[in-house]
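Down below is the structure, laid out as structure tokens.
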Amino acid sequence: MRKFLAVVKREYVQRVRAKMFIVSTVLLPLAMSLFGVVPAIILNMEGSRQRVAVVDRTGKMYGQLKQALSSEQVNQQSNSNDNDPRRSTGFGNFVLEEVNADNQSIEQLRANLDQRLRARQLEGYVILPPDFLEHGQAEFFNRNPGDLFSSRLLQSALNRAVREQRLIEAKVDSKTRQQLFRPVELQAVKIGDTGAERDSGGSFALVFGVGITMYLSILMYGQAILGAVIEEKETRIAEILFSSVKPFTLMMGKLVGVSLVALTQLAIWGLAFSAFALYGVGVLAGRGIRASIPTIPFSHYIYFGLFFLLGYFLYATIYALLGSMVTTVQEGGQLAMPVILILVISFYLFLPVSRSPDSSFSFWVSMLPLSAPVAMLVRIVTQTPPFWQIALSLLIGFGTVLLLMWIASRIYRVGMLMYGKRASIPEAWRWARQA
Amino acid sequence: MAASEITVKLDRVSKRFGDFTAVRELSLAVRRGRVFGLLGPNGAGKTTTIRMIVNITGPDTGNILLFGRKINAEVQNRIGYLPEERGLYRRMKVADQLRFFAELKNVGGKQVESRIDEWLARLKLSEWKNKRSMELSKGMQQKIQFITTVIHDPDLLILDEPFSGLDPVNLELLKEIVLDLKRAGKTIIFSTHQMEVAEKICDDICLLNRSEKVFEGSLRDIKSSFGRNSVAVRCEGGDGVLDDPALVSKLMRHADEAQALLAAGADAQTLLRRLIDSGAVIGKFEMIEPSLNDIFIAKVTEAA
């Protein structure tokens, strides 16, 4: 046990102390917040006031437009969590001004307004022709025609205003008008054993999150495990070690050591992300928008943790197995391609399993080790299978991890006795049996 | 020879790799507190034998006993093994490495810290304690590797070609340390194909050739059993005499002198007289012991 811990400690301390680890640990949350926060800040800054003059030659649109524009802006704000940075409040800062068009010709008006535009008293002006309600054609003159966002917002407000006005003229009362424009809501409701429950959307998002995290940590740390297993071959330390520790102890120590590094990094990122998210919820709450944290049964969190670990260790073990067969990291990297492919495929099983979590197909993919982590989690959040199935899936999975590690350590030992030889698959199999 | 005096005992041990027999029916006994040379040309089976002793690979047939017991974790911790293929963690600091290797032998704590300092001082590497091993020269790395073998104070040391690639100063330093360890009661198995080195430090030897034992015994015994039948000669002329097969069975010419192995029945006096009679000018004429190399060659040809 002490030897095992010595191997774990070495792997962990050496890696956590490395500059690369510190830099990447700090940089990712930083980059995340840069991508998340900075655009929003910049867009907010850019959103200066838009002074727009309106020449309303229909005589009845100005009021409607002003109302539509302000409601449009509120609308944009409350939708600001739909991820489109263009929709942030900055572009809605229109300040409207009605220009009296009664006793002036259109040319005179335009000459006046152009002058004010050049004098920077205005950012733009809109001319609504007398037949605007019939043909719906208007012109927006401004200094900056590249500002598509402003003109799009204006257009959508005009649309609304015209629609309202047309309905008014068609003698539709205000109540009916509101009724006509009310949007629909569609809520997905899970039917569990205990009857109707609220949505499982939050759980789904978490399954997705677990899958993505698994995928990312394998991408990031698979190579590290490969490297760790190969390190003693490349530095020719293996033989010294094997006079002190069993190959299996060594391999397990490496796997656990590197994995603890991965978990450390994930935990740091997780904390940073939670802090970020809590801050975000706070900010939204400050603006009067409630972002509710999805309610998920406590047992699900435990399953998420267990199946994440299972998935991570399964794929990490495959990397260790590859490492035991090759002599350089480059060779191992090439062999790792199919592994990534399997990982991606198992990820896409998400879809068929979520559609029919009860089918025998879903049952089998949630038992097969490589696809179990994602498939079983999907089943748990959709139609929780009997406990024995969950337990069996975990048992098969972790059993596979141990079996693969055992095979890997045997291949590793024989490979070490025959220096510099890369094992073909049949050779590796023979080595595993004869060692 | 009491059983407790035997540190390592091999009893008819064989190891095959596929069709190739690496070690055949090998029996030997290594006595406590002796330097035991496991000698033979490349490919004779030395490394395989050693790997079986340290339990990296198991024998197909036969028994191996260490300290009178079958190998187990506790016994393994009493061995220090320096393989021929050896290295260090490149990015790890010297002290951290030594501590790690000690932990792998189940030794830790303050004891190790003082031993690390002691050994580094003894091998003149104290100022390198906190350097990464990639910053060290090759010779220094080799000395660090040696320390990893002895850091846990093992009772049995197994050194596979420990001196290869060392400069003369460091070679001398390590040789002294090996002899010190022997005086401290440690048993040392020393494997090499360099007979001249083995000759200087081994008490007992085992000669291996083509997977089989050719000879085992004390160096003294084997040398005296061969007798002083070699002569080192430095002379001008007299070539015809030295080439006479009735007098000299084997002649090896070095830079400025020759070594002649006397033919059976011939004696040194006759050779000297013949050389003088032939008019050769003799600068040196000395009876010498056969070198281990000569013995080895003689034994191998005898067996064939």
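Comparison of A:V37, A:V16, A:V7 shows that the only residue that is modelled with pLDDT under 85 and either small (G, A, S) or surrounded by 12 or more Cβ atoms within 10 Å (Cβ to Cβ) (or both) is A:V37.
Taking B:R69 as the residue in question, decide whether it is touching a helix residue (DSSP H, G or I) at 6+ places or on another chain (Cβ under 9 Å), of a type outside the set (G, A, S) and either loosely packed, with under 14 Cβ neighbours inside 10 Å or within 14 Å of chain A (Cβ to nearest Cβ) (or both). It would help to see each step written out before you state the result.
Values: touching a helix residue (DSSP H, G or I) at 6+ places or on another chain (Cβ under 9 Å): yes; of a type outside the set (G, A, S): yes; either loosely packed, with under 14 Cβ neighbours inside 10 Å or within 14 Å of chain A (Cβ to nearest Cβ) (or both): yes.
Yes: the conditions hold for B:R69.
Taking the stated definitions as given, is B:V248 under 35 Å from the mean Cα position of the chain (by Cα), surrounded by 19 or more Cβ atoms within 10 Å (Cβ to Cβ), more than 21 Å from B:E199 (Cβ to Cβ) and of a type in the set (A, V, I, L, M)? So B:V248 fits the description; yes.
Hey, any hits in the stretch B:240-248 for a residue that's modelled with pLDDT under 90 and closer than 26 Å to B:T21 by Cα?
At the first step, the residues of the stretch B:240-248 found to be modelled with pLDDT under 90 are B:240-248.
Applying the additional criterion that residues be closer than 26 Å to B:T21 by Cα yields none.
Scanning the stretch B:240-248, I find no residue that is modelled with pLDDT under 90 and closer than 26 Å to B:T21 by Cα, so the answer is no.
Between A:T327, A:T400, the distinction of being touching a residue at least 40 places away in the same chain (Cβ under 8 Å), more than 23 Å from A:F208 (Cβ to Cβ), more than 29 Å from the chain's Cα centre (by Cα) and within 14 Å of another protein chain (Cβ to nearest Cβ) belongs to A:T327 only.
For B:R12, are the conditions met, namely being away from every other protein chain (no Cβ under 14 Å), modelled with pLDDT of 90 or more and over 26 Å from B:K175 (Cα atoms)? Reasoning before the result, please.
Details: away from every other protein chain (no Cβ under 14 Å): yes; modelled with pLDDT of 90 or more: yes; over 26 Å from B:K175 (Cα atoms): yes.
When the stated conditions are applied, B:R12 passes them.
In the stretch A:209-235, the residues that are farther than 11 Å from A:G311 by Cβ form Cβ pairs under 8 Å with partners that are of a type in the set (K, R) and assigned to a loop (DSSP other than H, G, I, E, B), at six or more places apart or across chains, as follows: A:T235/B:R90.
Within the set B:R115, B:R122, B:R132, the sole residue that is within 14 Å of chain A (Cβ to nearest Cβ) and either surrounded by fewer than 19 Cβ atoms within 10 Å (Cβ to Cβ) or at pLDDT 90 or above (or both) turns out to be B:R132. Where helices (runs of 4 or more DSSP H) fall entirely within the stretch B:166-281, those with at least 1 residues that are in contact with a Ser or Thr (Cβ under 7 Å, 6 or more places away or on another chain) are at B:195-201, B:239-242.
Considering the stretch A:164-242, the qualifying helices (runs of 4 or more DSSP H), each wholly inside and each with 3 or more residues that are surrounded by fewer than 20 Cβ atoms within 10 Å (Cβ to Cβ) and modelled with pLDDT under 85, run over A:174-181, A:201-234.
What tally of residues in the stretch B:18-62 results from selecting those that are within 13 Å of another protein chain (Cβ to nearest Cβ) and either small (G, A, S) or surrounded by 15 or more Cβ atoms within 10 Å (Cβ to Cβ) (or both)? Write out each step before concluding.
Kept after step one, since they are within 13 Å of another protein chain (Cβ to nearest Cβ), are these residues of the stretch B:18-62: B:18, B:20, B:22, B:47-48, B:50-58, B:60.
With either small (G, A, S) or surrounded by 15 or more Cβ atoms within 10 Å (Cβ to Cβ) (or both) added as a condition, the list becomes B:18, B:22, B:47-48, B:50-58.
Qualifying residue count, the stretch B:18-62: 13.
In the stretch B:143-150 there is at least one residue matching the filter, namely being within 14 Å of another protein chain (Cβ to nearest Cβ) and either among the small types (G, A, S) or under 21 Å from B:R31 (Cβ atoms) (or both). Tell me, yes or no, whether the stretch A:131-139 has at least one residue that is surrounded by 12 or more Cβ atoms within 10 Å (Cβ to Cβ), modelled with pLDDT under 85, assigned to a strand (DSSP E or B) and of a type outside the set (D, E, K, R). No, because not a single residue in the stretch A:131-139 is surrounded by 12 or more Cβ atoms within 10 Å (Cβ to Cβ), modelled with pLDDT under 85, assigned to a strand (DSSP E or B) and of a type outside the set (D, E, K, R).
Of the listed requirements (1) surrounded by 14 or more Cβ atoms within 10 Å (Cβ to Cβ); (2) at pLDDT 80 or above, B:H254 misses just one: (1). In the stretch B:80-111, of all residues being modelled with pLDDT under 90 and more than 9 Å from every other protein chain (Cβ to nearest Cβ), the one that is surrounded by the fewest Cβ atoms within 10 Å (Cβ to Cβ) corresponds to B:K110. Going by the structure shown, is B:F100 of a type outside the set (S, T, N, Q) and under 14 Å from B:I147 (Cβ atoms)? Spelling it out, B:F100 is indeed of a type outside the set (S, T, N, Q) and under 14 Å from B:I147 (Cβ atoms).
The values are calculated or read from the model by the stated rules, or taken from the named source; none is laboratory data. The model shown is predicted, which means the values in this text are computed figures rather than measured ones. Note that we place each Cβ from the backbone using ideal geometry, even for glycine, and neighbour counts take in every protein chain shown.
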